[in-house]
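Novice: Have a look at this one before I ask anything.
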Amino acid sequence: MEGKMVALYKMKPGPGATLVEDADIPRIGKRDVLVKVLATSICGTDRHIYKWNQWAESRIHPPQIMGHEFAGEVVEVGEDVEGIQVGDYVSAETHIVCGHCPECLTGKYHVCRNTKILGVDRDGAFAQYIAIPASNAWKNPRSIPPDVASIQEPLGNAMHAVMTGDVSTKDVLIMGDGPISMMAAGISAAVGAGKILVAGHHEFRMDIAEKMGATHTFNTKHIDPVEETMNITDGEGVDVVLEMTGSQQGIDAALEVVKAGGVVVWFGVPGERRSVDVAKAVFKGVDIRSVVGRRMYETWFQVSNLLASGKLDVSPIITHVIPLSKYEEGFEALNRGEAAKVVMHPWE
């Protein structure tokens, strides 16, 4: 397909982004598909690129279309593509893996050493069309609306963390109140966790966490997370901690409140080196597990099935739905802490 489209670019180093109204529609290769983007959502990674922090400066090579979370309709397929047809309703696994490194060859695609990411290492989804490898296209059930389908990628991160923690029938503390933490609360409730504690510092996000199924929330600006967790659990602590902040407070609290023999899942990425009380972890016999991305494609089946079942409703997390042309409003709301998940529509 040839023609022009609207796309949001990182045109040059520095803060901000540029809306281009006459960008070229991407061309596809023999094993690619072209997708008309119906909905796309802003991720924390996009915020780093928008702000142009140290990570973005070291990783992003402008000019490049931003964004990686989306849902849309296939409008063109490459000549060697099988299993995907024009008209299919898809989202995308945003990690493009090599398929030949030792990790890929042993089924650990989510930690492929040669991973390329949509919107990070190549043009992304903040546009009316995106080209992706057909192998990365995920067919969505038609029952899932585009706004919800567009956030399945981060929902998969939450699913991976929750399933790694094996929270069913167990008490769990989620450190952090970002969108993925709120998703983790909803998934924990859907899979039968016991007490679900969420510790954060944005009151309106705590309200969303409760709508998602959290049984207890508390603000770490005013309340000590260790003391509060022990009070709620009658001094017992929790079976599982999902640490999603990357903060020193979160890391320390996780090892304090987890029961002996319990599980701590590291998910939050610190902006700098953090210290860990290894002796405490050893003497408590804590099982520490780390999570990155989604298991390809086990996690996608879990997410899709849970959404289609009706047991998980993520609509409370989508606080803003705006046209792509008003992208600045979305980023500003997120930066002010007044939004959870912002979905943008490229055709409005």
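The values are calculated or read from the model by the stated rules, or taken from the named source; none is laboratory data. Keep in mind the model is a prediction, meaning the values are calculated, not measured. For neighbour counting, all protein chains shown are included, and Cβ atoms are generated from backbone atoms with ideal geometry for every residue, glycine included.
Novice: When Glu210 is evaluated against the numbered criteria (1) touching a residue at least 40 places away in the same chain (Cβ under 8 Å); (2) outside the structural domain of Ile96 (by TED's automatic domain parsing), which criterion, by number, is the only one it fails?
Specialist: All conditions are met except number (1).
Novice: Which residue is farthest from Met159 (Cα to Cα), if the candidates are limited to region 284-315 and must be assigned to a helix (DSSP H, G or I) and among the aliphatic types (A, V, I, L, M)? Please lay out each step first, then the result.
Specialist: Step one: list which residues in region 284-315 are assigned to a helix (DSSP H, G or I), which gives 298-309, 315.
Pick out the ones that are also among the aliphatic types (A, V, I, L, M) and you get 303, 306-308.
Working: Val303: 7, Leu306: 10, Leu307: 11, Ala308: 15 Å.
Among those residues, the one meeting the criterion is Ala308.
Novice: Would you mind stating whether Lys259 is in a helix (DSSP H, G or I), out of contact with any Phe, Trp or Tyr (no Cβ under 9 Å at 6 or more places or on another chain) and either of a type in the set (D, E, K, R) or surrounded by 12 or more Cβ atoms within 10 Å (Cβ to Cβ) (or both)?
Specialist: Values: in a helix (DSSP H, G or I): no; out of contact with any Phe, Trp or Tyr (no Cβ under 9 Å at 6 or more places or on another chain): yes; either of a type in the set (D, E, K, R) or surrounded by 12 or more Cβ atoms within 10 Å (Cβ to Cβ) (or both): yes.
Against the criterion (in a helix (DSSP H, G or I), out of contact with any Phe, Trp or Tyr (no Cβ under 9 Å at 6 or more places or on another chain) and either of a type in the set (D, E, K, R) or surrounded by 12 or more Cβ atoms within 10 Å (Cβ to Cβ) (or both)), Lys259 does not qualify.
Novice: Looking only at region 74-95, count how many residues are in contact with a Phe, Trp or Tyr (Cβ under 8 Å, 6 or more places away or on another chain) and assigned to a loop (DSSP other than H, G, I, E, B).
Specialist: The qualifying residues number 1.
To keep it simple, each residue is scored yes or no on (1) farther than 30 Å from Val90 by Cβ; (2) aliphatic (A, V, I, L, M); (3) in the same structural domain as Leu173 (by TED's automatic domain parsing); (4) surrounded by fewer than 21 Cβ atoms within 10 Å (Cβ to Cβ).
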site: Ile223; (1), (2), (3), (4): yes, yes, yes, yes
site: Gly237; (1), (2), (3), (4): yes, no, yes, yes
site: Val240; (1), (2), (3), (4): yes, yes, yes, no
site: Ser247; (1), (2), (3), (4): yes, no, yes, yes
site: Ala254; (1), (2), (3), (4): yes, yes, yes, no
site: Val265; (1), (2), (3), (4): no, yes, yes, no
site: Val269; (1), (2), (3), (4): no, yes, yes, yes
site: Phe301; (1), (2), (3), (4): no, no, no, yes
site: Asn305; (1), (2), (3), (4): no, no, no, yes
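Novice: Looking at Pro141, Pro102, Pro133, can you tell me which residue is surrounded by fewer than 23 Cβ atoms within 10 Å (Cβ to Cβ) and modelled with pLDDT under 95?
Specialist: On the way: Pro102 fails: modelled with pLDDT under 95; Pro133 fails: modelled with pLDDT under 95.
The conditions single out Pro141.
Novice: What number of residues within region 67-81 are under 24 Å from Ile144 (Cα atoms) and either of a type outside the set (Asp, Glu) or in contact (Cβ under 8 Å) with a residue 40 or more places away in the chain (or both)? Lay out the reasoning, then the answer.
Specialist: If we filter region 67-81 for residues that are under 24 Å from Ile144 (Cα atoms), which is where we start, we get 67-77.
With either of a type outside the set (Asp, Glu) or in contact (Cβ under 8 Å) with a residue 40 or more places away in the chain (or both) added as a condition, the list becomes 67-72, 74-77.
Total satisfying the criteria: 10.
Novice: When you check Ser290 against the structure, is it under 18 Å from Asp166 (Cβ atoms), at pLDDT 95 or above, surrounded by fewer than 21 Cβ atoms within 10 Å (Cβ to Cβ) and hydroxyl-bearing (Ser, Thr, Tyr), yes or no? Write out each step before concluding.
Specialist: Details: under 18 Å from Asp166 (Cβ atoms): yes; at pLDDT 95 or above: yes; surrounded by fewer than 21 Cβ atoms within 10 Å (Cβ to Cβ): yes; hydroxyl-bearing (Ser, Thr, Tyr): yes.
When the stated conditions are applied, Ser290 passes them.
Novice: If I ask for residues that are in contact (Cβ under 8 Å) with a residue 60 or more places away in the chain and either closer than 22 Å to Arg47 by Cα or among the small types (Gly, Ala, Ser) (or both), which ones from region 303-327 would you list? It would help to see each step written out before you state the result.
Specialist: We begin by selecting, within region 303-327, every residue in contact (Cβ under 8 Å) with a residue 60 or more places away in the chain; these are 303-304, 306-308, 311-319, 321, 324-325, 327.
Passing the criteria: Ser304, Ala308, Val314, Ser315, Pro316, Ile317, Ile318, Thr319, Val321, Leu324, Ser325, Tyr327.
Novice: Take the conditions aliphatic (A, V, I, L, M), at pLDDT 95 or above, touching a helix residue (DSSP H, G or I) at 6+ places or on another chain (Cβ under 6 Å) and assigned to a loop (DSSP other than H, G, I, E, B) and apply them to Ala253. Does it pass? Outline the logic, then answer.
Specialist: Details: aliphatic (A, V, I, L, M): yes; at pLDDT 95 or above: yes; touching a helix residue (DSSP H, G or I) at 6+ places or on another chain (Cβ under 6 Å): yes; assigned to a loop (DSSP other than H, G, I, E, B): no.
No; evaluated as a whole, the condition is false for this residue.
Novice: Among the numbered criteria (1) in contact with a strand residue (DSSP E or B) (Cβ under 6 Å, 6 or more places away or on another chain); (2) aliphatic (A, V, I, L, M); (3) surrounded by 22 or more Cβ atoms within 10 Å (Cβ to Cβ); (4) assigned to a loop (DSSP other than H, G, I, E, B), which one does Ala71 miss?
Specialist: (4)
Novice: Quick one: in region 40-68, which of the residues that are over 14 Å from Tyr129 (Cα atoms) and of a type in the set (Val, Ile, Thr) is surrounded by the most Cβ atoms within 10 Å (Cβ to Cβ)?
Specialist: Ile42
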